[in-house]
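These notes concern the structure reproduced below.
The values are calculated or read from the model by the stated rules, or taken from the named source; none is laboratory data. None of these values were measured; they are calculated from a predicted model. Methodologically, a virtual Cβ is constructed for each residue, glycine included, from the backbone with ideal geometry; neighbour enumeration extends over all protein chains shown. All accessible areas refer to the heavy atoms of the entire protein, side chains included, with ligands and DNA or RNA removed. Shrake-Rupley method; radii C 1.70, N 1.55, O 1.52, S 1.80 Å.
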Amino acid sequence: QVQLVESGGGLVQAGGSLRLSCAASGSIFSINTMGWYRQVPGKQREFVARITSGGSTNYSDSVKGRFTISRDNAKNTVYLQMNSLKPEDTAVYYCTASKYGRAYWGQGTQVTVSS
C-alpha cells in the first residue's frame with residue numbers, strides 16, 4: 001500500500017502563487033509516475049501534471065507555462081508550484097502515484113483563487 005498526504009493548499013488572490021506538496025509513505029519502492037489532478041464540484045477529475053521517476057513531465061494545456069511539477073525521490077515527495085493563478089484554477093487538488101499499474105490517491109487539498 002502507498003499512502004499519499006497533500007499539503008499547501010489555501011486561499012490566494014488571482015495572480016498569486018502556491019506550492020503544493022505530496023509526501024508518499026508505505027510501500028514506496030517502485031513507484032513510477034506521480035502527478036496531480038483537480039476536481040470541482042459537479043465535474044470530472046481532470047489531469048493537471050505528471051512526472052515520471054526519470055523526471056519526464058507532462059502538463060495539461062490549461063496550466064502549461066504557469067505550473068511546474070517536480071519530484072524529490074530522496075524525500076518521496078512531489079511538488080506542484082503554481083504561479084499566475086486564476087479563479088478557474090479553484091479546485092480540490094489530488095496527488096496520485098502509480099505502482100505496477102495501480103493508482104493511489106491522496107485525500108485532496110483545497111485551492112481557492114479569488115478574483
Can you confirm whether region 59-69 contains a residue that is within 16 Å of Thr112 (Cα to Cα), aromatic (Phe, Trp, Tyr) and without any contact (Cβ under 8 Å) to a residue 40 or more places away in the chain?
yes
Lone unmet requirement of (1) in contact with a Phe, Trp or Tyr (Cβ under 9 Å, 6 or more places away or on another chain); (2) at pLDDT 95 or above; (3) exposed (fewer than 15 other Cβ atoms within 10 Å of the Cβ) for Asp72
(2)
Scanning region 8-55 residue by residue, those open to solvent by less than 40 Å² (accessible area, probe 1.4 Å) and of a type in the set (A, V, I, L, M, F, W, C) turn out to be Val12, Leu18, Leu20, Cys22, Ala24, Ile31, Met34, Trp36, Val48, Ala49, Ile51
How many of the residues in region 85-103 are of a type in the set (Ser, Thr, Tyr) and at pLDDT 95 or above?
4
Which condition number does Lys64 fail, the rest of (1) open to solvent by 10 Å² or more (accessible area, probe 1.4 Å); (2) outside any loop (DSSP other than H, G, I, E, B) being met?
(2)
When residues of region 90-109 are limited to those that are among the hydroxyl-bearing types (Ser, Thr, Tyr) and assigned to a loop (DSSP other than H, G, I, E, B), the one surrounded by the fewest Cβ atoms within 10 Å (Cβ to Cβ)
Tyr100
Pro87: passes all of (1) surrounded by 14 or more Cβ atoms within 10 Å (Cβ to Cβ); (2) in contact (Cβ under 8 Å) with a residue 60 or more places away in the chain but (1)
